[in-house]
Amino acid sequence: MARNKRTREAREAVVEEVDGGLAELMPDRDRPRAWTLLVDGAPQSHVDLDDPAHLAFEYQRRIGHIADLVAPQGKPIHALHLGGGAFTLARYIAATRPRSTQQIVERDTTLVQLVRRELPLDPGARVRVRAVDAREGLAKVADGWADLVIADVFSGARTPAHLTSTEFLTDVRRVIKPGGYYAANLADGPPLAHLRGQLATAAALFPELALVADPTVLRGKRFGNAVLLGSDQALPVAELTRRSAGDPHPGRVEHGRGLRDFSGGAAAVTDANAVASPAPPPSVFR
């Protein structure tokens, strides 16, 4: 049963049971119409309804840089979002690239209903939401449709196993236009075995790869997010490096030989041996 603890005047939290657990929309006290979505205590998204181009989470800023670089500034694109959260990145693309056409695939139907009700999309945005599993929704997308595919799928705080394999990325590659980008939010901690495996898996499908993360995450010093970027053509590494270095929490970009050395000879993941990403330690969300 839903538990709604908010009045619109007081901007109290909205707390409801969704398919994936307990969802909380927490008001941002510094921004009058901004909210943070948590599911079972794990932060999922931040949305500012007055400024949809504002990206508060560092990994979302890094994916935002990728969205900025996939095509000339302001040009509409076709974007596919595997994992919806509070639709933060779809809102960002709609604001920065008007007339873009976007699809969101989010299996948690009750979460979609909560977000639509409490954080409504701009009615002028061309965004379609499919409430199905990511691979099921991906299979329905036409060949070569997307300029950008963003994978940000978590069940609780873990990426499901079936979204970590070469079979999954083969279908991702199918829907991306020549020269388009694949961006994935990955989470891992020491010894970074999952992250290295995902790099090897992506390398089997994409000839050009880059990885953006906090340097302490890349050194295996703490659990955190890393954004993987893949394409069939040369990547704008220099500009991505410049933008990431200028973020409030600067990120480091690995590419080429440095990235190959980082992956350390890890093997690609298949459906037969895939496992979910590791659970974050309890201290991550304290």
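The values are calculated or read from the model by the stated rules, or taken from the named source; none is laboratory data. What you are looking at is a predicted structure, and each value in this text was computed from that prediction instead of being measured. Every residue, glycine as well, gets a Cβ built from its backbone with ideal geometry; the counts of neighbours run over all protein chains shown. Ligands, DNA and RNA are excluded from the accessible area calculation, which covers all protein heavy atoms including side chains. Shrake-Rupley method; radii C 1.70, N 1.55, O 1.52, S 1.80 Å.
Excluding same-chain neighbours fewer than eight residues apart, the aspartates and glutamates reachable from residue 221 by a Cα-Cα span under 14 Å are 188.
Once fully extended, how much extra length lies between residue 11 and residue 261, figured as 0.36 nm per residue of separation less the alpha-carbon to alpha-carbon distance? Write out the running numbers ahead of the final one.
Details: separation 250, 0.36 × 250 = 90.00 nm, distance 4.88 nm.
85.1 nm is the gain from fully extending residue 11 to residue 261.
This model, with +1 at the C-beta of Lys and Arg and -1 at the C-beta of Asp and Glu, gives region 214-266 a dipole about its Cα centre of some 220 debye. Amide H to amide H, with H built 1.01 Å from N, residue 42 comes under 5 Å of no residue 5 or more places away or on another chain. Sequentially through region 216-230, phi angles give Karplus couplings (6.51, -1.76, 1.60; θ = phi - 60°) of 5, 5, 5, 7, x, 8, 7, 6, x, 9, 9, 9, 9, 10, x Hz, Gly and Pro residues having no value and appearing as x.
Across the chain, the mean sequence separation of Cα contacts (distance under 8 Å, 6 or more residues apart), normalised by length, yields a relative contact order of 16 percent. Within the same chain, aspartates and glutamates fewer than 8 places from residue 140 are excluded, and of the rest, those with a Cα less than 16 Å from its Cα are 106, 167, 171.
The share of Cα pairs per 5 Å bin across region 148-266, counted from zero up to the longest distance, runs 2, 11, 22, 26, 22, 13, 4, 0 percent. Applying 1/(1 + (r/R0)^6) with r as the Cβ-Cβ distance of residue 122 and residue 272 and R0 = 35 angstrom yields a FRET efficiency of 0.25. Note on region 1-159: along the principal axes its Cα atoms extend 44, 32, 27 Å, ordered by decreasing extent. Annotation: amide H-H contacts under 5 Å for residue 144 (H modelled 1.01 Å from N, sequence separation of 5 or more, or interchain): 175, 176.
For region 205-286, the solvent-accessible area with a 1.4 angstrom probe is 52 square angstrom per residue.
Using a probe of 1.4 Å on the protein chains alone, the accessible area found for residue 145 is around 50 Å². Between the helical axis of 58-69 and the longest alpha-carbon principal axis of the chain there is an angle of about 70 degrees.
With axes computed from alpha carbons, what is the tilt in degrees of helix 193-203 against the longest principal axis of the chain, rounded to the nearest 10 within 0 to 90? It is inclined by approximately 70 degrees. The alpha-carbon positions of region 232-286 define a convex hull whose volume is 150 Å³ per residue.
What's the carbon and sulfur percent of region 141-228's accessible surface, probe 1.4 angstrom, rounded to a whole number? Of the solvent-accessible surface of region 141-228, carbon and sulfur hold 53 percent.
Across region 100-113, rounded Karplus estimates of 3J(HN,Hα) from the backbone phi angles (6.51 cos²θ - 1.76 cosθ + 1.60, θ = phi - 60°) give 5, 10, 9, 10, 10, 10, 9, 6, 7, 4, 6, 5, 4, 5 Hz, Gly and Pro being marked x.
Which distance in Å, rounded to a whole number, links the C-alpha centroids of region 40-91 and region 145-202? Cα centres, region 40-91 to region 145-202: 16 Å.
Close amide H pairs (under 5 Å, H built 1.01 Å from N) link residue 277 with 159, residues at least 5 positions away or on another chain.
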